1. With the structure loaded, tell me whether Ser104 is closer than 21 Å to Glu287 by Cβ and among the polar types (S, T, N, Q) or whether it fails that test.
2. Taking region 182-221 as the search range and keeping residues that are under 17 Å from the mean Cα position of the chain (by Cα) and among the β-branched types (Val, Ile, Thr), which one is nearest to Ala110 (Cα to Cα)?
3. Among the residues of region 259-269, is any in contact with a strand residue (DSSP E or B) (Cβ under 7 Å, 6 or more places away or on another chain) and modelled with pLDDT under 95?
4. Filter region 42-76 down to residues that are assigned to a loop (DSSP other than H, G, I, E, B) and in contact with a helix residue (DSSP H, G or I) (Cβ under 7 Å, 6 or more places away or on another chain) and give me whichever is farthest from Glu319 (Cα to Cα).
5. Right, Lys25: in contact (Cβ under 8 Å) with a residue 12 or more places away in the chain, charged (D, E, K, R) and touching a Pro at 6+ places or on another chain (Cβ under 8 Å) or not?
6. So, of the residues in region 164-181 that are surrounded by fewer than 22 Cβ atoms within 10 Å (Cβ to Cβ) and among the acidic types (Asp, Glu), which turns out to be farthest from the chain's Cα centre (by Cα)?
7. Taking region 123-139, which residues are in contact with a Phe, Trp or Tyr (Cβ under 7 Å, 6 or more places away or on another chain), touching a residue at least 60 places away in the same chain (Cβ under 8 Å) and more than 16 Å from Leu192 (Cα to Cα)?
8. Taking Tyr159 as meeting all but one of (1) surrounded by fewer than 21 Cβ atoms within 10 Å (Cβ to Cβ); (2) among the hydroxyl-bearing types (Ser, Thr, Tyr); (3) within 21 Å of the chain's Cα centre (by Cα), write down the number of the exception.
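The values are calculated or read from the model by the stated rules, or taken from the named source; none is laboratory data. Just so you know, these numbers come straight off a predicted model, no measurement behind them. Note: ideal-geometry Cβ built from the backbone for every residue, glycine included; neighbour counts use all protein chains shown.
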Amino acid sequence: MKATASLIITTISSPNEVLRNYSEKCLEKGIDFIIIGDRKSPAKFSLAGADFWSIDRQKSSEFKSATLIPENHYARKNLGYLCAIKKGQELILETDDDNLPYDSFWKTRAKHISGRLIKEKKWINIFRLFSEEKIWPRGFPLEHVKDRVDYEISREGIYACPIQQGLADDNPDVDALYRLTCKLPLKFRSNLTFILQKGSWCPFNSQNTVWFREAFPLLYLPSKCSFRMTDIWRSFVAQRIAWEYEWGIAFYSPTVYQERNEHNLMRDFQDEVPGYLNNRSIGLALETLRLSDNIDDIHDNMVRCYWKLIEMGLIGEEEMQILSAWKQDFTNLIETNS
């Protein structure tokens, strides 16, 4: 993996086994490792090989969005993305502090990736292509959980995918409804990659995700919405905009396994209700938007998408002030690095 990559994690924990593992490997591989803390993070945090950003360091930074993003919120990860962009990185990897990497996590990344294209234009339950279990990813519309999964799939090909989602073994990213009623832990099939293009929908998360430079604007995580939908609704916006640029979204076999942090599943369920009720509608609404296929308009496309979610009553209007500040932060960094 090239040294022009950053790995970004948020945490409120002290250095643990997972963080030490990543810091050691990042030092070995020459990868920049950024950890974004929050108000609940330890007052003193020290880990060799990690660039730790406390909440106070974030708020005293040059980033205007640092004072607008809520404290004690996963969306503070947005500041980690800005830190990586400031360093001129070409690649951003992200994961969480309860995901341990397999050796395959450290493989060389390429935007043009070999995989099989799913040809059907509808909601695709990507997890069913990696498992015989009746499993679905968090954010997948419940209306489509029982849909047939014998999708029309092409032979192996090479596709441009500036956004790539790796799966996770043991405790994959499923919703609370699945966790309360179905089988875990679980292992997915290995050595598989599938590609989604225009017209195909599937949620992806921030648990094990790779972003190439042209897709960096789409990293933005909204905060004025249900906490459990932050990265899921980002993925819907990113997919819709990716269609305009003929980008594929790649999903591949696990390169991490999760030893899940403690969760209150009923609280997760409550936080996921807006998704259960609206994920399918979001896809339908975003499909109706007229967006620009000019890459210079990518930020404007984001604004149109988020306004649509605001109009639907799913995201608070205050989101636009934060998005505007983050866009300005992003633009300033790109101009400085040019």
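1. no
2. Ranking the candidates gives Val210 first.
3. yes
4. Here the answer is Ala48.
5. Working: in contact (Cβ under 8 Å) with a residue 12 or more places away in the chain: yes; charged (D, E, K, R): yes; touching a Pro at 6+ places or on another chain (Cβ under 8 Å): yes.
Yes: the conditions hold for Lys25.
6. Here the answer is Asp170.
7. Residues satisfying the conditions are Trp123, Pro137.
8. The single condition Tyr159 does not satisfy is (1).
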